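Notes follow the structure.
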Amino acid sequence: MKTLKIVLEPVFCITHRFDLFKQLTKRAVEIQHKGSHLGLIWSVLQPLLLLVVYVFVFGYIYGGSFRDGESRVEFGINIFIGIICLHFLTEVISTAPTQIVSNPSFVKKVVFPLEILPASIVASASIHFVIGLILVGLGLAIYGGYPGPQLFLFPLVVFPCLLLAMGLSWLFSALGVFFRDLGQVIPFLSVVLLFSSGVFYSPSDVPEEVYHYLKYNPVLHFIDLTRKCLLTGESIEWSWLGYLYLIGYGTFQIGYRVFCRLKSAFADVI
């Protein structure tokens, strides 16, 4: 019974205050687009503009491709899937370090459940991720492609990455209170993830001596498995899906425990 409580406690902290969670998620989305004339439309335009740049540079200048006989449209969809998967996680880790610090009024309320604040970041990023998936679907419809039966495995791929994002959000939100320089490290980390997570290439094209290290990057497998489910229809590697669950759940629990351990000192530091 105690083990079950430990497993489900992070989930209960959100579900028991679901109305507050929805309000804070709406607030997180509004703050992100505050003062913008286009608002949520930027969630569509930003990845599309990045797609144009990346396809031009890596597709036309460097002649990149994910497999033989691939069309430019398919190459673009491949990159776009990588962009939205990566952006989902980088949006979380770039926002999390300042989430607690930028809300001192909530920190000083004794009864306020601070765990909800990092959770709202993940929910906001998930909205943008879903918008990106809709664009992928439209691209496939125009291109004339279809995912195939592997599409039904996609929820199994997304779930551990939600756990990973949630754990990182709790962890970075807590650490950001005590280490203000953390926010300065995130842009560098985002660039490292951009080039080490297979956004512009397939893991099968990576030299063995390099892949020996890259294979431990969970984002690499998140993007690769997503492409196989949504675009190529190739069989997924169950061992790497299991690895995603291991990393995702481990980060989820560690992030929550660290946040709960440190939150009593937030008010003193802020």
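The values are calculated or read from the model by the stated rules, or taken from the named source; none is laboratory data. Keep in mind the model is a prediction, meaning the values are calculated, not measured. Counting neighbours? That spans all protein chains shown, and the Cβs are built from the backbone with ideal geometry, glycine included.
Key figures for this structure:
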| item | result |
| --- | --- |
| Subset of the stretch 91-119 (residues that are hydrophobic (A, V, I, L, M, F, W, C) and outside any loop (DSSP other than H, G, I, E, B)) | 92, 93, 96, 106, 107, 116, 117, 119 |
| Flag if residue 107 is in contact with a Gly (Cβ under 8 Å, 6 or more places away or on another chain) and either surrounded by fewer than 18 Cβ atoms within 10 Å (Cβ to Cβ) or of a type in the set (A, V, I, L, M) (or both) | no |
| Every residue from the stretch 8-21 that is in contact with a helix residue (DSSP H, G or I) (Cβ under 8 Å, 6 or more places away or on another chain) and either among the hydrophobic types (A, V, I, L, M, F, W, C) or at pLDDT 75 or above (or both) | 13, 14, 17, 20, 21 |
| Some residue of the stretch 170-186 being in a helix (DSSP H, G or I), aliphatic (A, V, I, L, M) and under 16 Å from the mean Cα position of the chain (by Cα) | yes |
| Tally of residues being modelled with pLDDT under 90 and of a type in the set (Val, Ile, Thr) across the stretch 211-237 | 2 |
| Filter result for residue 242 (farther than 25 Å from residue 100 by Cα, surrounded by fewer than 23 Cβ atoms within 10 Å (Cβ to Cβ), at pLDDT 95 or above and not aromatic (Phe, Trp, Tyr)) | yes |
| Set 256, 249: member being out of contact with any Cys (no Cβ under 6 Å at 6 or more places or on another chain) and surrounded by 21 or more Cβ atoms within 10 Å (Cβ to Cβ) | 256 |
| Contacts under 8 angstrom Cβ, first residue in the stretch 247-270 being at negative phi, partner among the hydroxyl-bearing types (Ser, Thr, Tyr), 6 or more apart | 255/169; 259/173 |
